[in-house]
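> Dumping the structure here so I can ask a few things about it.
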């Protein structure tokens, strides 16, 4: 039985194949945000600019060659994700050591990622749930689970990757909505920094698993 999501994907791909004028816009509107979120979870140290470029490149690849997509093998989001992931890896491969340190390394890149992440108000709830059911590579999921064994910490990390910055969202998760706003903000900041620090400490392992070598 074909579900509603699969039907929408089939219609969209069919429109692309037929050259419908609005099909390209619909593809970008429907998939850019969930694709970007998946990439941020896979590449936690890659600056937003690289993530955005890879996402747009993947979307453009499908727009230009929709016939290459095989619905029997994967969902459209998974297909886009694989293309975008490969583009990030390819970009890494052409970087020299010093360029790579700027590209994915250290606290500066992570701070930039935090500063530039899309704010929660730019996402609708419908857009965010698109990532449900989509999985990261097992080795990356295993590493994140190892770094953040507590489910609450993984939820905080997911929210960071989604670009959520609204204090109330985190306060509800942390069950601290009864506190004064200033105390909520301080605790949310502390928890976000704590989770980020745990991920940052293991960046060498991410690099090794993502790119096949460790710098």
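The values are calculated or read from the model by the stated rules, or taken from the named source; none is laboratory data. Since the model is a prediction, treat every value here as computed from it, not as a measurement. Heads up, the Cβs are rebuilt from the backbone with ideal geometry, glycines too, and the neighbour counts pull from every protein chain shown.
> Picking from 87, 8, 41, 93, which residue would you name as being at pLDDT below 85 and within 20 Å of the chain's Cα centre (by Cα)?
Step by step, each of 87, 8, 41, 93 is checked, and only 41 is at pLDDT below 85 and within 20 Å of the chain's Cα centre (by Cα).
> Only one of (1) surrounded by fewer than 19 Cβ atoms within 10 Å (Cβ to Cβ); (2) more than 30 Å from residue 199 (Cα to Cα) is not met by residue 52, so which one is it?
(2)
> Listed residues 31, 81; which is under 20 Å from the mean Cα position of the chain (by Cα), within 22 Å of residue 143 (Cβ to Cβ) and touching a residue at least 12 places away in the same chain (Cβ under 8 Å)?
81
> Related question: Could you grab me the full set of residues in the stretch 18-28 that are within 22 Å of residue 55 (Cβ to Cβ) and either part of a helix (DSSP H, G or I) or in contact (Cβ under 8 Å) with a residue 12 or more places away in the chain (or both)?
Across the stretch 18-28, the qualifying residues are 23, 24, 25, 26, 27, 28.
> When the residues of the stretch 134-174 are filtered to those that are over 20 Å from residue 48 (Cα atoms), outside any helix (DSSP H, G or I) and modelled with pLDDT of 85 or more, which remaining residue is nearest to the chain's Cα centre (by Cα)?
Among them, the one singled out is 148.
> Checking residue 179 against (1) buried (at least 17 other Cβ atoms within 10 Å of the Cβ); (2) assigned to a loop (DSSP other than H, G, I, E, B), which single condition isn't satisfied?
The failed condition is (1).
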